1. Checking B:Glu33 against (1) more than 28 Å from B:Gly142 (Cα to Cα); (2) away from chain A (no Cβ under 14 Å); (3) part of a loop (DSSP other than H, G, I, E, B), which single condition isn't satisfied?
2. Could you go through region B:20-29 and let me know if any residue there is on the phi > 0 side of the Ramachandran plot, buried (at least 24 other Cβ atoms within 10 Å of the Cβ) and either in contact with an Asp or Glu (Cβ under 9 Å, 6 or more places away or on another chain) or within 14 Å of another protein chain (Cβ to nearest Cβ) (or both).
3. Give the residue, chosen from A:Ala147, A:Ala128, A:Ala112, A:Ala133, that is without any contact (Cβ under 8 Å) to a residue 60 or more places away in the chain and either in contact with a Pro (Cβ under 9 Å, 6 or more places away or on another chain) or open to solvent by less than 10 Å² (accessible area, probe 1.4 Å) (or both).
4. Residue by residue through region A:94-109, note down the ones that are crowded, with 24+ Cβ neighbours inside 10 Å and more than 27 Å from A:Pro202 (Cα to Cα).
5. So which residues in region A:179-215 are over 18 Å from the mean Cα position of the chain (by Cα), not in a helix (DSSP H, G or I) and not hydrophobic (A, V, I, L, M, F, W, C)?
6. Restricting attention to region B:36-48, and to residues there that are part of a loop (DSSP other than H, G, I, E, B) and either touching a helix residue (DSSP H, G or I) at 6+ places or on another chain (Cβ under 6 Å) or more than 22 Å from B:Ile139 (Cα to Cα) (or both), which single residue is farthest from the other protein chains (Cβ to nearest Cβ)?
7. Scan region A:150-178 residue by residue and report those that are under 19 Å from the mean Cα position of the chain (by Cα) and open to solvent by 30 Å² or more (accessible area, probe 1.4 Å).
Amino acid sequence: MPVDVRARVVANTRLSPDYNVVALAAPDIAAGCRPGQFVMVKPGRGHDPLLRRPFSVFEILRNPSGIDGFSLLSKRIGVTTSLLYDLEPGDVVECLGPLGRSFDLVDPPRDAWLVAGGVGLAPFAAAAEDLVARGTRTTLFYGARSARELFYLDWFSSRGVEIVTATEDGSHGDRGHVTIPLERALGRARGELTMYACGPEPMLAAVSAVAARHGRTCQVSVERVMGCGMGGCYSCVIPVREDGGPPHYVRSCIHGPVFDGASIVWEYRRAG
Amino acid sequence: MPGKLDVQIGGLRLKNPLIAASGCFGYGVEYAEAVDLSSLGGIVSKGLFLEPREGHPPERIVETPSGMLNAIGLQGIGVRRFIAEKLPELRTLGATTIVNICGSTLDEYVELARILSDAEGVAALELNISCPNVKEGGITFGCSLTGTFDVVNAVRRVTTLPIIPKLTPNVTDVASFARASQEGGADAVSLVNTFLAMAIDVETRRPALSNIVGGLSGPAIRPIAVRMVYECRRAVSIPIIGMGGIACGRDAIEFLLAGASAVQIGTANFVDPFIWQKVLADIDSYMTRHGVARVADLVGALDTSAREKEWISS
């Protein structure tokens with residue numbers, strides 16, 4: 001059941017001129033949150049912005065005796081993300097959550113491959129911690145524009161996550177999209193594995209196609225323009241095809257944001 | 001025994017004046033985990049046609065100053081699935097369910113009304129003759145006085161359920177449409193649906209919505225909606241259900257004073273699904289502060305006597 005919390009900002013770490021991680025004191029949301037779920041966030045009072053915006057829960061923040069809250073990874077693009085970037089400790093953010101379907105995380109001997117593009121790293125800190133706690137061997141394939149926009153590498157590697165990178169300018173890992181090292185690794189992989197992807201939709205479409213070519217399943221976390229997060233407004237729909245039927249729109253807030261990548265009709269994406 | 005907050009809409013008694021607006025509350029069941037549906041005055045279902053519809057492609061919404069534009073395109077499961085899958089759950093949850101119906105033809109409204117009259121758990125029918133986003137969503141009826149009269153009258157002949165045409169603000173004189181509704185046999189009118197509007201992404205030069213135009217809702221439209229409720233109150237004797245940008249108790253009271261017997265909340269529910277108890281508490285404390293015994297006493301209680309005397313006399 002989602003709860004609405006006026007969460008106090010514990011810390012706001014600006015990772016770059018665009019990216020930040022804001023830590024929020026919201027134990028009630030964090031305690032019930034599974035990796036891949038999201039919160040609807042409103043960082044200011046009043047009517048600008050009016051609607052909340054959806055954010056994947058990045059980390060679950062723990063102390064020795066329990067759970068303190070969660071953090072969000074944000075990239076400054078619009079009004080809400082600019083407000084999130086500028087937050088100071090003590091500020092208040094209205095958070096509604098946890099919402100949506102979580103990842104179906106796998107246990108050993110199956111491996112987990114996380115595939116992130118840019119701010120699509122957002123759901124994977126909590127997912128990686130959960131996977132590592134299960135003893136699942138976990139690899140993060142992480143693509144970004146440049147080395148300066150690869151974040152939390154030490155955080156993931158210190159938890160035993162193997163990291164493979166790609167950057168558009170070649171400053172870290174492969175030059176090009178994350179699908180380059182991913183496809184190479186899939187060609188070599190022999191054991192059972194499940195893929196999890198989050199990032200821009202063209203990347204999710206490409207990763208889903210790569211996964212299908214190699215006979216692997218891939219759960220994708222999509223981001224659509226969302227009005228309510230509760231299934232009320234029907235704005236965040238995405239076309240899916242289930243059981244061989246015709247494509248139809250389902251609400252990504254309640255049927256997702258995590259979907260089987262093979263069920264999404266990627267070719268329906270808006271051009272450009 | 002009438003209570004402090006209950007209101008009467010024709011033959012329909014609601015336990016309080018707050019109703020979840022059509023298209024803003026799914027089929028109601030989506031909110032059942034978060035909200036006690038029986039604590040609301042009522043809920044209005046998402047607009048239903050006879051057949052299922054896929055709606056418009058995304059983008060379907062965009063935020064605008066103090067508001068939002070939508071062009072969902074009435075995606076829906078159709079009336080039969082609604083009756084089979086949603087209505088039993090709504091009954092169990094104790095919701096007062098008003099079903100919003102949309103037709104491409106007069107016959108479709110009549111057919112929907114017949115089907116829903118035989119279903120158990122329908123409190124009233126809201127006639128959607130005002131969706132700005134689909135050509136066949138009744139807007140052709142809602143923009144013509146004879147069309148409005150005809151659809152209300154045709155539905156009136158086949159149902160004893162309370163019928164509530166939902167009026168569009170995209171006309172010159174909304175009060176005349178309230179009058180046509182009353183003459184057609186409506187038990188009440190609800191207004192306003194969204195204002196036809198448009199937003200453009202200047203960087204890409206593309207319309208913000210796939211449908212190019214959409215309906216504007218939210219606090220931005222509230223003063224226009226209040227004015228329209230006021231105009232309709234002076235034109236008809238049937239109850240009015242007011243809506244348009246209500247986000248708190250004061251906003252709701254503004255509509256009551258302008259002449260609405262009940263109000264619907266839409267966009268604000270997206271922002272805060274727990275808004276209902278907050279608005280009710282606001283209304284309750286306002287009534288206590290102003291010594292108002294029953295919420296019905298606020299309806300149309302606008303005081304225009306205290307205007308400064310016009311010093312230029314004609």
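1. Going through (1) more than 28 Å from B:Gly142 (Cα to Cα); (2) away from chain A (no Cβ under 14 Å); (3) part of a loop (DSSP other than H, G, I, E, B) one by one, B:Glu33 breaks only (2).
2. Quick first cut of region B:20-29, residues on the phi > 0 side of the Ramachandran plot only: B:23, B:26, B:28.
Next, only the ones that are buried (at least 24 other Cβ atoms within 10 Å of the Cβ) stay: B:23, B:28.
Okay, now just the ones that are also either in contact with an Asp or Glu (Cβ under 9 Å, 6 or more places away or on another chain) or within 14 Å of another protein chain (Cβ to nearest Cβ) (or both), so B:23, B:28.
The answer is yes; a qualifying residue exists.
3. Details: A:Ala147 fails: either in contact with a Pro (Cβ under 9 Å, 6 or more places away or on another chain) or open to solvent by less than 10 Å² (accessible area, probe 1.4 Å) (or both); A:Ala112 fails: without any contact (Cβ under 8 Å) to a residue 60 or more places away in the chain; A:Ala133 fails: either in contact with a Pro (Cβ under 9 Å, 6 or more places away or on another chain) or open to solvent by less than 10 Å² (accessible area, probe 1.4 Å) (or both).
Answer to the selection: A:Ala128.
4. Within region A:94-109, A:Cys95, A:Leu96, A:Gly97 qualify.
5. A:Arg190, A:Gly191, A:Glu192, A:His214, A:Gly215
6. Here the answer is B:Gly41.
7. Keep residues of region A:150-178 that are under 19 Å from the mean Cα position of the chain (by Cα), which gives A:150-157, A:159, A:161-167, A:177-178.
Matches in region A:150-178: A:Tyr152, A:Leu153, A:Asp154, A:Trp155, A:Ser157, A:Arg159, A:Glu162, A:Ile163, A:Val164, A:His177.
For every residue, the table says whether it meets (1) within 20 Å of the chain's Cα centre (by Cα); (2) assigned by TED's automatic domain parsing to the domain that holds A:Thr80; (3) over 18 Å from A:Phe103 (Cα atoms).
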{"site": "A:Gly231", "(1), (2), (3)": "yes, no, yes"}
{"site": "A:His248", "(1), (2), (3)": "no, no, yes"}
{"site": "A:Gly256", "(1), (2), (3)": "yes, no, no"}
{"site": "A:Gly261", "(1), (2), (3)": "yes, no, no"}
{"site": "A:Ile264", "(1), (2), (3)": "yes, no, no"}
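The values are calculated or read from the model by the stated rules, or taken from the named source; none is laboratory data. Just so it is clear, the model here is predicted, and its values are computed rather than measured. So basically every Cβ, Gly included, is an ideal-geometry build from the backbone, and we count neighbours across all protein chains shown. Note: accessible area is taken over every heavy atom of the protein model, side chains too, but ligands, DNA and RNA are not part of it. Shrake-Rupley method; radii C 1.70, N 1.55, O 1.52, S 1.80 Å.
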